[in-house]
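To keep things clear, I will list the structure first and then write my remarks on it.
The values are calculated or read from the model by the stated rules, or taken from the named source; none is laboratory data. Remember, it's a predicted structure, so these values are computed and weren't measured experimentally. In this analysis, Cβ positions are derived from the backbone assuming ideal geometry, glycine residues included, and neighbour counts consider all displayed protein chains. All accessible areas refer to the heavy atoms of the entire protein, side chains included, with ligands and DNA or RNA removed. Shrake-Rupley method; radii C 1.70, N 1.55, O 1.52, S 1.80 Å.
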Amino acid sequence: MPDIPQHVKIDLQGVRARNLAAREIVSALSEAMPYIADLWLRLNAALADSPALVSELSRLTAELVKARRDRANLAAAGRATLKAARDADPDPLYYLRDELRAQGHLPPDDRGRS
């Protein structure tokens, strides 16, 4: 993920690699010690949760990155709108409308542009 928020300190590739290594160890040990097969199944089931958690964390991180980018773009549009109003621009709300359209919060304009 190229745009990971600064507070995310989890090495997702490392988590995946360690999970795979642990599953390989469990597999080898279950062959060597089949008399505790129930324990190996429970351990393997616990390890099976990690890939789903890593995927969900990746999805949520991407969603957070998008939300932060959208918020920053709206703040920039708001600042541009205020500056345009101070400069007596004939349409100071243009910047805000344009960004709201770009984020899908307004329908396309009269010319069909989004």
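Grab the DSSP H runs of the chain that are 4 residues or longer, score each as -39,500 (n - 2.57), total them, divide by all residues and round the 222 nm result to the nearest 500 deg cm²/dmol.
Using -39500 (n - 2.57) per qualifying helix, the result is -25000 deg cm²/dmol.
Could you provide, to the nearest whole Å², the per residue accessible area of the stretch 12-81 with probe 1.4 Å?
Ligands and nucleic acids excluded, the result is 69 Å² per residue.
Send over the semi-axes of the stretch 65-113's equivalent ellipsoid, whole angstrom and largest first, taken as the square roots of 5 times the C-alpha gyration tensor eigenvalues.
Result for the stretch 65-113: semi-axes of 19, 16, 5 Å.
Under a crude label model (7 Å from the Cα following the beta-carbon direction), how far is residue 101 from residue 38 in nanometres?
Label at residue 101, label at residue 38, 6.7 nm between them.
Hey, what's the per residue convex hull volume over the C-alpha atoms of the chain, in cubic angstrom?
So the per-residue hull volume is 134 Å³.
With the full set of protein chains in place, find how many percent of the accessible area of the stretch 42-114 is carbon and sulfur; take the probe as 1.4 Å.
58 percent
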